[in-house]
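Colleague: Mind looking over this structure? Questions follow.
The values are calculated or read from the model by the stated rules, or taken from the named source; none is laboratory data. Nothing here was measured: the structure is a model prediction, and the numbers come from that model. Cβ sites come from the backbone with ideal geometry, for glycine too, and all protein chains shown count toward neighbours. To get the accessible areas, we keep the full protein, side chains included, count just its heavy atoms, and leave off ligands, DNA and RNA. Shrake-Rupley method; radii C 1.70, N 1.55, O 1.52, S 1.80 Å.
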Amino acid sequence: VQLQASGGGLVQAGESLRLSCVASGPTFSRYTIGWFRQAPGKERECVACIRWYTHPIYYADSVKGRFAIARDNDKNAVYLQMNSLEPEDTADYYCAAGRPNLSAILSDSMYDYWGQGTQVTVSS
């Protein structure tokens, strides 16, 4: 599976962005897809993950109510709609594919395939 993330950019606080992750590979729909982010000097964290049957499993507390993850298996794509962006959301965002157990769905070590990252910068 190869992943291509896009959609990042520079926005002002309160604005929105939509990130896209497009995958190649015939078994894409079988993978859990996670959006992770890493800010300078901070550890990488999972902000949203969605399992193969399209039911969102997890949102980080910091993004609940503002971010929404969705997948389109027909297009081999997963989207992260980010609304009401805050300066604290500034980070490099990565999509990843894996088959983690539910108990390990937040762990980046459980994801085998990673996109190249797209930068999100939110100015105050």
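Colleague: Would you confirm whether any residue within the stretch 60-79 is β-branched (Val, Ile, Thr) and open to solvent by 60 Å² or more (accessible area, probe 1.4 Å)?
Modeller: Taking the stretch 60-79 as the starting set, the residues that turn out to be β-branched (Val, Ile, Thr) are 63, 69, 78.
Adding the requirement that they be open to solvent by 60 Å² or more (accessible area, probe 1.4 Å) leaves none.
No: zero hits.
Colleague: For residue 83, state whether it is modelled with pLDDT of 95 or more, surrounded by fewer than 16 Cβ atoms within 10 Å (Cβ to Cβ) and under 20 Å from residue 5 (Cα atoms).
Modeller: The answer is yes for residue 83.
Colleague: Which of (1) open to solvent by less than 50 Å² (accessible area, probe 1.4 Å); (2) more than 12 Å from the chain's Cα centre (by Cα); (3) closer than 30 Å to residue 123 by Cβ is the odd one out, the single condition residue 25 does not satisfy?
Modeller: Of everything listed in (1) open to solvent by less than 50 Å² (accessible area, probe 1.4 Å); (2) more than 12 Å from the chain's Cα centre (by Cα); (3) closer than 30 Å to residue 123 by Cβ, residue 25 misses just condition (3).
Colleague: Restrict the check to the stretch 89-104 and report whether at least one residue is open to solvent by 40 Å² or more (accessible area, probe 1.4 Å), polar (S, T, N, Q), more than 28 Å from residue 14 (Cα to Cα) and assigned to a loop (DSSP other than H, G, I, E, B).
Modeller: Checked the stretch 89-104: at least one residue is open to solvent by 40 Å² or more (accessible area, probe 1.4 Å), polar (S, T, N, Q), more than 28 Å from residue 14 (Cα to Cα) and assigned to a loop (DSSP other than H, G, I, E, B).
Colleague: Further question on the same structure: Criterion first (closer than 18 Å to residue 10 by Cβ and of a type in the set (S, T, N, Q)) does residue 107 satisfy it?
Modeller: no
Colleague: Here are some residues: 78, 22, 63. Which one is out of contact with any Lys or Arg (no Cβ under 8 Å at 6 or more places or on another chain) and hydrophobic (A, V, I, L, M, F, W, C)?
Modeller: After applying the criteria, what remains is 63.
Colleague: I would also like to ask the following. Could you tell me whether residue 14 is open to solvent by 10 Å² or more (accessible area, probe 1.4 Å), at pLDDT 90 or above, over 12 Å from the mean Cα position of the chain (by Cα) and not aromatic (Phe, Trp, Tyr)?
Modeller: The answer is yes for residue 14.
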